[in-house]
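The values are calculated or read from the model by the stated rules, or taken from the named source; none is laboratory data. Predicted model only: the values in this text are computed from it and were never measured. Note that each Cβ is placed from the backbone with ideal geometry, even for glycine, and that neighbours are counted across all protein chains shown. All accessible areas refer to the heavy atoms of the entire protein, side chains included, with ligands and DNA or RNA removed. Shrake-Rupley method; radii C 1.70, N 1.55, O 1.52, S 1.80 Å.
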Amino acid sequence: MGDSQAPHDDSTASELAALVGGTRASARPSIMTDLSSFVGSGGVAAEGAGWQAPELAQVGKRPMFGGRRKAGAVNYLSVAAAVIAIVALVGTASFAVIQRATANPADDAMVSLREREAELANETQTLQTAADLFDASVSEAANLGQSSASVLVALQGRVDAAPLATAEASRLNLLQVAAAAQPVSIPTYQRASIDEKDLVDVGKAIDGVRLARESLPPLVTDVRDARSTVTAALTSFRGELSNLGSAIESEAAKAVTINDSASQSFRAAVTDAAARVKAAQQAGGDGLAEMPVYAASLDALRTENARILALEQAERDAAPTTPRNPGSGSNTGGGTNSGGGSNTGGGNQGGSPDTGTNPDPAPSQPAPDPDPEPVPDPTESEEPPIIIDPEPAPSGTVPGATS
């Protein structure tokens, strides 16, 4: 049984070796051989004296030009370029030092003079800007004070007198401030003729520029202070105009209530005009352009209201008056008319008209007012009336009987 098992194992190993490509031990010598042929023959064994004793090791010599590469033309050219650059740098520095040492000091002074003149020009421009702003404020104050005069006059009697008087006083103050403003004089600088190579002349020119610069800051301060005075007067007047706008709005409400006989369109025109004045001031304006419209609208409202009232009064005056009823007729013939009519024939007691002699009666006319009774003078003495007793009737007779 053991003999039959051995041939079976050998054949299995042979088949496996053929399947995987041979054993691993047979491939190792071939790899080592290829490596040796690539790197060359084996060197000194690692077990040398230097490896075993580091203190006995020696420093090797490094090649000057990177090992295997030899020195060529490129390396020599680089060294030459570096040397030339160094020489040029040294030459330039030396030239600058020599030029600085041999330069004229007046040249440096001229550079400083030109710098000071540029600074003086900048400060002079600052003064010119402040002067332009001052002139613009003065012109605005004068124009506003003059143009508002007619507007304030037109508002007399159409707004409350107190705010109108305050606004007028502020306007007069604005005109006074604008009239008292003095024009600003801008100093001019002109370099005198100097020798630019003479250090003394250049130094004097620098001193002149310095003095001119020192005079500018006080002038700028004075101009700004003067402009502040003008702008303060402008601000005050605009504030009074704003108060006047509020007074116009209140007066418009009163006028609409008082003049209620005019039509709605006239009342609405006054209200809208006053509202436009206030809206213009709230938007940053002064409202002077809208105030004349308010004055004209208010005049139209008052005129229309007076016209309506006059028409109503004329209608009342032209209406017929109701005649008085005396309660009884008049009888011009001396008789009495118990029926209430007038009888010109006399003695018609029945109240019927006399058709034979009485023409058509005229239309009734209102009876004139009776003349007032004369008032007796209290100073006059009144005499008592004289009373006469009647004679006694004879005996046996009846009073009032006739024989």
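Rounded to whole Å and ordered largest first, report the semi-axes of the equivalent ellipsoid of the stretch 132-255 derived from its Cα gyration tensor (root of 5λ).
Semi-axes, largest first: 52, 11, 9 Å.
Round to the nearest 0.05 the FRET efficiency obtained for Thr221 and Asn143 when R0 = 30 Å and r is the Cβ-Cβ distance.
Calculated value: 0.65.
Given a Förster radius of 35 Å and the C-beta distance between Ser193 and Thr129 as r, what FRET efficiency does 1/(1 + (r/R0)^6) yield to the nearest 0.05?
0.70
Give the ranking of Lys278, Lys204 by solvent-accessible surface, highest area first, calculated with a 1.4 Å probe.
Output order, biggest surface exposure first: Lys204, Lys278.
Provide the packing ranking of 184-192, 210-218, 291-299, i.e. peptides ordered by the mean count of other C-beta atoms within 10 Å per residue, highest first.
291-299, 210-218, 184-192
Based on Cα positions only, what radius of gyration and what Dmax would you give for the stretch 180-241, in angstroms?
Values for the stretch 180-241 (Cα only, Rg and Dmax): 19.7, 66 Å.
Based on alpha-carbon centroids, what's the gap between the stretch 222-301 and the stretch 104-181 in Å, whole number please?
26 Å
Could you give the spread of the C-alpha atoms of the stretch 244-321 along their three principal axes, from largest to smallest, in whole angstroms?
61, 17, 17
With the crude spin-label approximation of a point 7 Å out along Cα→Cβ, what separation in nm comes out for Ala136 versus Asp207?
Computed distance between label sites Ala136 and Asp207 equals 4.1 nm.
Applying a 10 Å radius around every beta-carbon, put 306-318, 256-268 in order of their mean neighbour count, most first.
Descending packing order for the listed peptides: 256-268, 306-318.
For a quick check of your reading of the filter: which GluC sites (Glu not before Pro) in the stretch 223-283 sit in a DSSP loop and have no more than 16 other Cβ atoms within 10 Å?
none
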